[in-house]
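Everything on this sheet refers to the single structure shown next.
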Amino acid sequence: MSTTKDRSIAERLTWMNMLVCGVALVLACAAFIGYDLATFRAARVRNLSTQAQIIGANSITALLFDDPESATKTLSALKADPQILSAAVYTTEGKPFAAYSRPGSGPLPAPPSIPRGQSEKYWIGKNEILLARSIEFDGAPSGVVFIRSDVEALNKRLELYVGIGSIVLLFSLLAALVVSAVFRKSVAQPIVRLAETAKAVSLNKTYSLRVPQVHGHGEVSVLIDSFNDMMEQIERGEESLKEAHDKLELRVIDRTAELVAAKQELEAYSESVLRAKEDIERASRFKDQFLSTMSHELRTPLNAVLGFSELLGDARYGPLTERQVRYVNHIHTSGQHLLRLINDILDLSKIEAGRLQLSIERVSVESCFAEVCGSLQPLVDKNAHKLIRDVPSGLVVHADATRFKQMLMNLLGNAIKFTPKGGKIKLAARQAGEMVRIEVRDSGPGIPEDERNRIFEAFHRLRQSDKAAEGTGLGLAITRRLVELHGGQLDVESQLGSGSCFYFTLPGACAPEAGKTLGEPGVRGSGALARVLVVEDDPSAAYLLESQLSSAGYEVAICDQPERAVDLAIEFQPAVMTLDVVMLPVNGWDVLSRLKSDPRTANIGVVMVTVMDQRNTGALLGADEYIVKPVDKSVLLSAVERCLSRRNHADARNSILVVEDDAATRELIADLLAQNEYSVTSAEDGEQARRQVQASMPDLVLLDLILPGISGFALIAEWRKNPSTANLPIFVLTNKDLTSEEKDYLRANTRALISKHGEWRDDLVREVERVQRTAPQLTGAQ
Amino acid sequence: MGCRLRRLCIALSASALFFSVCSQAQPQQVNAYQVQAAYLYNFGKFVTWPDGSPASQSETFTICVLDGDPFGDTLHSTLVGESVGGKPVVVKRIPKAEDAGACHILFIGSAQGRDLGKILIAVDHISVLTVSDMPGFSKRGGMIQFVLEGNRIRFEINLESAQKSHLVFASELLKVAEAVIKPAPPGD
């Protein structure tokens, strides 16, 4: 490797030296020879010219007086110049006049012509120089002298020069070689050593290598010095790098240890966080449990207080003195207030904890309005308020029906509370884009501006309010949270002295298809009144009846084909039917007799609605009521109600099993049902209930979910599995806050779901009556 | 230019006499007299006349021919328009030798052979170049005598006669002369 490098650098130096030397010398020689030859030639030409002039001058007379011998003699003088090969004198006409020729020089060439205006001309050929000169005498040309000279001397001179040049070149190159050898030592050698060292360094990474220093201050010396410096710096850098690397390693070890420690700490921390989370979850479970217990344990005795105070107030068990009546009313009112307070607190804490579950469904605004207004009607009447409802039929919202009603109840309750006697209250709803806007407008005193936001805070009451004691102060707070949970907004507009308007939005839904409620099992327990089948072949009359009955809360179906009336009655199982007489192809009498003769339809109350006044025929065929058209709404409704109550009396012998662990509640329910002439048996727990059902199958079971031992859910599941009890009607009556899954399960497996949170006693009686009426097969089964 | 050409022709015809032609323009017309006429003219260029002589003071170069002219018209036709030393050539015929006072050259025809002595004496004191083609002319005291040598016309010079008349001959002229009679050394 190194020898190649050596050779290459040294060789290059040598070649460079010799090339420069040789080229310089050759150029110098060429220039010198060229110049010398040119000079020499010019001198020769001048010499020839002179000779020609002499000959010419000496030949003038010879020419003038025709004496060639004389001219020849003159020419022969050229013998003295050995280079002149031949010479001649020509006449002006170009004829040879006299000639001279050196022996062996060959024939004389033809005389060249001299251009006019010139006296002399020469030609330099390869081997000779030719020169012609005109001879002039007395201003006139008299002839021409022509001389031919060889250039041997010139060539010889050239040869000599080339010889000398070659020798000089040879010696110069030798000298250049010697010089290169010297330089190789002083220049190439250090560079080669430098290269070898650099190679070794890059191969072995030994930065301690150094190139031996050379003497002198040339660039090579500087290069080597710089290289050595650089090596030293690299060596130092390497050392410090190694040091840094070592330090870094130490630091990495330290850091790793720290990280491990930190990781352990973190793990410990995360463990503690996990523990804390478990604690929190446990605490949360405790809280749930507490709430659930609260809800159950507080309400149960309250329900007893309320129920019995109501029964007492009815003076059913002996007359009360005026004072006793007042006290019982106080008990009842305070109990109700306490219940509301408990419900509200529980609701609010559930909402705050984010644990309130909504069971969102399509809810008819109109029916909710009706229900809420119905509940509050006594209050409205008491205050002589004018309550206006303004809702387009078919308006539907996506909401939790119970919570929706709770909102309405709160707002409407407030409106009633703050509106002076005889005031106006308006409940309105309308579609607003994708939302439904619902507003409750009162004609109360209004809310001052600075209070408008604070009224939504919990436990806030209007300062000026003189009826403060009546509310819990939680209604608006809960309502606002509920609205927000539904994805809507609750707000208030108010003008002092002229009233307030609370309004909120809920997500709207498409209106349900008309008539879809027919045969729909999903509406059970929603609070609708009994089913009524209208048999009427005149559409306008049928529509009138339907609207009158619907507005009273009945579930109405229309049959416009009298021949199918019996089949529909069997299928639809209405509590009451209205029947026209004049119909085609079968008249009402035929339908009536067939209904009464079929055991499946014999129990259905029949109201004849006809233009013909043939009450006797109707009574004879078994019609329960007889109305002559045109139909007055109140007459129709009271007839239907009479039918229903007659049926209830007929069903008095139906037995109901009440499963309730709280003795007071059990007695209260039993008392309520007995008042409505049902026969009631009761069970304290699941085990008793199971045994009683096995012993004697009741027509209906009223079931509390929270029971000692076997829970209500377990009982339902058990009964539904057993074919003999699979169709046993079950009412769930509970304090429990149900999840939407539990609600779904219960709706699928029971006839009604009644919460003990609100005014459940009326609901209960109504539902029991409805089930009894719409399930005549049960009575048949007994 | 025509003048120059003719003069060239004169010189050339002198050398080409008898065996050659001067040019296509003058074939076979070149004769001995023409050559002699050219020679007369050329002599003028190599001879120097003494200062103060009538010839040197003359504004023309006068060539005189003594009666009995052999040239006829040739002389005139050959030399007309030429000049020697800046002086135009004039050809003049004179009846007797005494009239040659203003002449540069006096040509004496060979017919005057009997009177030659008298003629030469007559011009003895005049610086005039005497030329003739008669035999023995130079020996008898004439200065230049044409001699026929083969086909060529040559001439002999009597230098002694010339020096007597104070005429100076250029050495080149002497070089091409057939013969030169030189004067006796001063010691003779």
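The values are calculated or read from the model by the stated rules, or taken from the named source; none is laboratory data. Because the structure is a prediction, the values reported are computed rather than measured. Note: ideal-geometry Cβ built from the backbone for every residue, glycine included; neighbour counts use all protein chains shown. Protein only, heavy atoms only, side chains kept; ligands, DNA and RNA dropped before computing areas. Shrake-Rupley method; radii C 1.70, N 1.55, O 1.52, S 1.80 Å.
Tabulated data for the structure shown
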item: Selection count, segment A:315-331, where residues are outside any helix (DSSP H, G or I) and either open to solvent by less than 90 Å² (accessible area, probe 1.4 Å) or in contact with a helix residue (DSSP H, G or I) (Cβ under 7 Å, 6 or more places away or on another chain) (or both); result: 4
item: Filter result for the condition that a residue is under 49 Å from the mean Cα position of the chain (by Cα), open to solvent by less than 20 Å² (accessible area, probe 1.4 Å) and under 20 Å from A:A752 (Cα atoms), over A:L673, A:L705, A:L668; result: A:L705
item: Checklist (1) aliphatic (A, V, I, L, M); (2) modelled with pLDDT of 70 or more; (3) assigned to a helix (DSSP H, G or I) applied to A:V492, failing item; result: (3)
item: Every residue from segment A:137-162 that is hydroxyl-bearing (S, T, Y) and either free of Cβ contacts under 8 Å to residues at least 40 places away in the same chain or within 14 Å of chain B (Cβ to nearest Cβ) (or both); result: A:S142
item: Subset of segment B:88-101 [touching a strand residue (DSSP E or B) at 6+ places or on another chain (Cβ under 6 Å) and surrounded by 17 or more Cβ atoms within 10 Å (Cβ to Cβ)]; result: B:V89, B:V90, B:V91, B:I94, B:A100
item: Number of positions in segment A:287-313 that are within 52 Å of the chain's Cα centre (by Cα) and either open to solvent by less than 70 Å² (accessible area, probe 1.4 Å) or of a type in the set (S, T, Y) (or both); result: 12
item: Pairs, first closer than 17 Å to A:L490 by Cα and open to solvent by 70 Å² or more (accessible area, probe 1.4 Å) in segment A:429-446, second of a type outside the set (G, A, S) and not in a strand (DSSP E or B), C-beta under 7 Å, six or more apart; result: A:R430/A:P392; A:Q431/A:L395
item: Verdict on A:L209 being farther than 21 Å from A:L13 by Cα and hydrophobic (A, V, I, L, M, F, W, C); result: yes
item: Matching residues, segment A:716-737, being assigned to a helix (DSSP H, G or I) and either in contact with a Lys or Arg (Cβ under 6 Å, 6 or more places away or on another chain) or buried (at least 20 other Cβ atoms within 10 Å of the Cβ) (or both); result: A:I716, A:W719
item: Subset tally (residues that are open to solvent by 50 Å² or more (accessible area, probe 1.4 Å) and modelled with pLDDT of 80 or more) for segment A:104-122; result: 3
item: A:R691 being open to solvent by 60 Å² or more (accessible area, probe 1.4 Å) and either modelled with pLDDT of 85 or more or farther than 16 Å from A:A748 by Cβ (or both); result: yes
item: Index of the failed condition, A:E265 passing every other in (1) of a type outside the set (A, V, I, L, M); (2) at pLDDT below 90; (3) assigned to a helix (DSSP H, G or I); result: (2)
item: Options B:S127, B:S110, B:S138, B:S171: the member that is within 14 Å of another protein chain (Cβ to nearest Cβ), more than 14 Å from B:Y39 (Cβ to Cβ) and of a type in the set (S, T, N, Q); result: B:S171
item: Residue count, segment B:146-168 (criterion: within 14 Å of chain A (Cβ to nearest Cβ) and either among the aromatic types (F, W, Y) or open to solvent by less than 20 Å² (accessible area, probe 1.4 Å) (or both)); result: 5
item: The listed residue being part of a helix (DSSP H, G or I), modelled with pLDDT of 85 or more and closer than 25 Å to A:L174 by Cα, out of A:A42, A:A30, A:A38; result: A:A30
item: Residue under evaluation A:F65, criteria (1) surrounded by 13 or more Cβ atoms within 10 Å (Cβ to Cβ); (2) away from every other protein chain (no Cβ under 12 Å); (3) of a type in the set (F, W, Y); (4) free of Cβ contacts under 8 Å to residues at least 24 places away in the same chain, criterion not met; result: (2)
item: Residue list for segment A:127-136, restricted to those being open to solvent by 30 Å² or more (accessible area, probe 1.4 Å) and either within 14 Å of chain B (Cβ to nearest Cβ) or closer than 20 Å to A:I33 by Cβ (or both); result: A:N127, A:E136
item: Count of segment A:85-117 residues which are closer than 20 Å to A:G143 by Cα and more than 14 Å from chain B (Cβ to nearest Cβ); result: 15
item: Residues (loosely packed, with under 14 Cβ neighbours inside 10 Å and either touching a strand residue (DSSP E or B) at 6+ places or on another chain (Cβ under 9 Å) or among the polar types (S, T, N, Q) (or both)) located in segment A:604-628; result: A:V611, A:D613, A:N616, A:A619, A:G622
item: Qualifying residue in segment B:43-60 (condition: of a type in the set (A, V, I, L, M), modelled with pLDDT of 90 or more and open to solvent by less than 40 Å² (accessible area, probe 1.4 Å)); result: yes
item: Pick from segment A:68-83, criterion buried (at least 17 other Cβ atoms within 10 Å of the Cβ) and out of contact with any Asp or Glu (no Cβ under 8 Å at 6 or more places or on another chain), ranking: farthest from A:P141 (Cα to Cα); result: A:L78
item: Residue identified as within 25 Å of A:D737 (Cα to Cα) and at pLDDT 90 or above among A:L474, A:L411; result: A:L411
item: Selected residue (criterion: surrounded by the fewest Cβ atoms within 10 Å (Cβ to Cβ)) from residues of segment B:174-188 that are among the β-branched types (V, I, T) and within 14 Å of chain A (Cβ to nearest Cβ); result: B:V180
